[in-house]
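No lab work stands behind these numbers, since they all come straight from the coordinates. Values in this document were obtained by computation on a predicted structure and should not be read as measured data. Here the Cβ positions follow ideal geometry from the backbone for every residue, glycine too, while neighbour counts run over all protein chains shown.
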Amino acid sequence: MSQIQSGVKHLFVEGAEQLKTVFIDRDGVINKDRLDYVKSWAEFEFLPGSLDALKLLTVKGFHIIVITNQSIINRGLVTRAGLQEIHKRMTVAVVDHGGRIDEIYYCPHVPEDGCNCRKPEPGLICQAQADHGLDLSKTCMIGDSLKDILCARRVNCGRIILVRSGHGKETERLCRDAGINADHVADDLMSAVKWLIADSR
């Protein structure tokens, strides 16, 4: 299992299990996904409204943890240092826009590696739980893939939101066919955040 912490990481305070924590997938939710993977900052493109959504979550007092599969490492397409540079620039851009990403956890493995941290396996969320003493029943997962939904289900996240950006529209069909339900389906990250804030009240 691998973890990368942003250069502007905000430490969780004692009793963090009482605070609101949101796990967010990266590609297809925060930024545009690419068939050939996001291999450099030049290829990274925020989805419309995602920066505003992260700002709104921050203003409303949510902790934001990015949970992402990044097999580009073990595929030899990007070094760990290269991925860290992408995440550093992403985090700085979020801060410059008034938001915050508290921490980023990533899995570097390809499916054939059989690890326990590549979603839909729950290893990354379990690591975040161990690091911060989280009550997962009080957390939310926002993602665009079936892997995100299954990962969150396996650890009983309190809320699961599927977004239709990225692979979300296809995932919505897959979930329907498999009888797997998210708590809410939103068009994009901003719509998901607005629903979550209203639900949290």
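Here are a few things to note about the model shown:
- The Stokes-Einstein estimate for segment 79-194, based on a Kirkwood radius over Cα pairs and taken at 4 °C with 1.567 mPa s viscosity, is a diffusion coefficient of 84 µm²/s.
- Cα-derived Rg to Rh of the chain, Kirkwood definition: 0.92
- Over segment 75-139, equivalent-ellipsoid semi-axes from the Cα gyration tensor in Å: 22, 21, 8
- Considering only segment 2-200, percent of DSSP beta bridges that pair antiparallel, nearest 5: 15 percent
- Taking amide H as placed 1.01 Å from N in the peptide plane, the amide H of I160 sits under 5 Å from that of M141, D183, H184, each at least 5 places away or on another chain.
- Subset of K20/K60; K20/K169; K60/K194 violating a 18 Å alpha-carbon distance limit: K20/K169
- Amide proton proximity set for T21, modelled H, under 5 Å, gap of 5+: H63, C140
- For peptides 98-105, 143-150, 40-47, 56-63, sequence by mean Cβ density within 10 Å, most packed first: 143-150, 98-105, 56-63, 40-47
- Net charge, I142 excluded, C-beta distance under 11 Å - Lys, Arg +1, Asp, Glu -1: -3
- Protection proxy ranking, highest mean first, for peptides 108-114, 151-157: 151-157, 108-114, where packing is the per-residue count of other beta-carbon atoms within 10 Å, averaged.
- Segment 91-103 - phi-based ³J(HN,Hα) in whole Hz, Karplus 6.51/-1.76/1.60, Gly and Pro as x: 5, 4, 4, 5, 4, 4, 8, x, x, 7, 10, 6, 6
- Simple label model, 7 Å out from Cα along Cβ direction - K60 to D36, nm: 3.8 nm
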